[in-house]
1. Between the DSSP loop rule and a limit of at most 14 other Cβ atoms within 10 Å, which chymotrypsin sites (Phe, Trp or Tyr not before Pro) in segment 164-237 are left?
2. Taking H as built 1.01 Å from N, whose amide H comes closer than 5 Å to the amide H of ALA124, not counting residues under 5 places away?
3. Identify the residues of segment 43-78 with backbone N under 19 Å of a label point that sits 7 angstrom from the Cα of SER22 along the Cα-to-Cβ direction, or state none.
4. Please list, in order along segment 177-192, the HN-Hα scalar couplings obtained from phi with the Karplus expression 6.51 cos²θ - 1.76 cosθ + 1.60 (θ = phi - 60°), rounded to whole Hz, x for Gly and Pro.
5. Hey, what's segment 142-262 come to in accessible area per residue, 1.4 Å probe, Å²?
6. Once phi is turned into θ = phi - 60°, what whole-Hz ³J(HN,Hα) does the Karplus curve with 6.51, -1.76 and 1.60 give for every residue of segment 224-233, x standing for Gly and Pro?
7. May I ask you to derive the FRET efficiency for ARG193 and HIS37 from their Cβ-Cβ distance with R0 = 41 Å, giving the value to the nearest 0.05?
8. Considering only protein heavy atoms and a probe of 1.4 Å, how much of the accessible area of segment 137-262 is carbon and sulfur, as a whole percent?
Amino acid sequence: MNTSDDLDVLQKRPASGGRTISLDRMSPLPLYAQVVHRLQDMIARGDYPSDAFYSESELCSIFDVSRATVRQALQRLSSEGFLSRQRGSRTFVNRERFDEAFDPSMNLPEQWARSGRPLSLTLARFDMLPCSDEVAAMLRIPKGTLVLQVERMRSDASGPVSYDYRYIHPDFGDSMQRSEAASQSLLDLLKRRVRLRRGDNRIEASLAGEEGEQMLQLDPYSPLLVREMVYYTDTDMPVMCGRSIYPAKRMRCGFSVDLGAKDAGGVSQFHINDDATTDLPSDMARAPT
């Protein structure tokens with residue numbers, strides 16, 4: 001139930017701006033799910049009031065559905081991290097969620113800093129260790145070869161945003177210093193040593209489990225986004241591979257495909273099981289480095 005202050009705010013703006021959005025009443029997709037999809041699109045476009053999100057009554061008017069349907073949709077969006085709701089208060093868009101853009105620089109710390117949420121790095125591991133069979137396949141080196149293994153947690157003021165595992169080819173890992181890895185982009189460090197051409201990335205959804213609970217302080221049943229990657233030189237030599245886990249409530253992914261390009265498939269935003277005998281499959285999303 002809204003407080004009197006909340007009601008005053010809502011009364012000062014048009015209930016829904018007179019807008020209506022039609023739903024497909026003949027679709028097998030439940031009405032609440034259709035409302036969820038429409039609201040996700042509106043949130044992504046910033047198409048909502050600046051002071052607070054639409055109230056239940058406003059949404060009932062916009063979509064011409066029952067309050068029970070609206071509540072089910074809002075509960076879904078809240079559980080997925082799109083909205084923040086508190087009983088007896090208004091609903092707000094969760095602005096902690098962030099889009100990481102796959103641009104040519106791949107300077108993710110700078111992207112966060114520009115958004116007003118600078119990241120801090122915590123270096124958890126920096127060791128030359130024998131690589132696993134999977135890493136050996138991705139880096140095209142013999143099993144058990146010593147590679148530089150780097151683990152880092154990225155955090156902002158609100159808490160952890162990712163835990164990163166990186167494995168760097170021995171031709172380049174030997175020259176890296178712990179102090180560099182503790183404060184700089186690993187891609188930037190590699191670019192000083194070799195000419196990079198591309199990065200292959202794959203994303204999948206998962207549950208936090210023990211790993212997410214330990215590394216990101218999440219409930220084991222919280223959703224994760226998992227990204228796996230391999231970076232290549234201009235001679236198609238793999239120089240670094242790895243894996244990052246993200247709290248789904250803080251990140252989302254979006255894809256932009258250039259349908260006019262001969263080799264369509266470029267991924268523009270980040271908003272990954274391998275064949276043991278090869279690197280990432282050719283049909284996975286490819287992003288420039």
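1. Numbers: sites: TYR165, TYR167, PHE172, TYR221, TYR231, TYR232; in loops: TYR221.
Filter output for segment 164-237: TYR221.
2. Hits under the 5 Å cutoff: GLU151, ARG152, MET153.
3. Within reach of a label on SER22, which here means backbone N under 19 Å from a point 7 Å along Cα→Cβ, segment 43-78 contributes 60-66.
4. So the J values, rounded to whole Hz, are 9, 4, 4, 5, 5, 7, 9, 10, 5, 5, 5, 4, 5, 5, 5, 6.
5. Numbers: 5680 Å² over 121 residues.
Ligands and nucleic acids excluded, the result is 47 Å² per residue.
6. Listing the rounded values in order: 10, 9, 10, 10, 10, 8, 9, 10, 10, 7 Hz.
7. Working: r = 45 Å, r/R0 = 1.11.
That gives a FRET efficiency of 0.35.
8. On the way: 2860 of 5850 Å².
C and S atoms contribute 49 percent here.
The values are calculated or read from the model by the stated rules, or taken from the named source; none is laboratory data. Bear in mind the structure is a predicted one, so any value in this text is a computation, not a measurement. Positions of Cβ are generated from backbone atoms using ideal geometry, with glycine treated the same way; all protein chains shown enter the neighbour counts. Please note that ligands, DNA and RNA were not included when accessible areas were found on the heavy atoms of the full protein model with its side chains. Shrake-Rupley method; radii C 1.70, N 1.55, O 1.52, S 1.80 Å.
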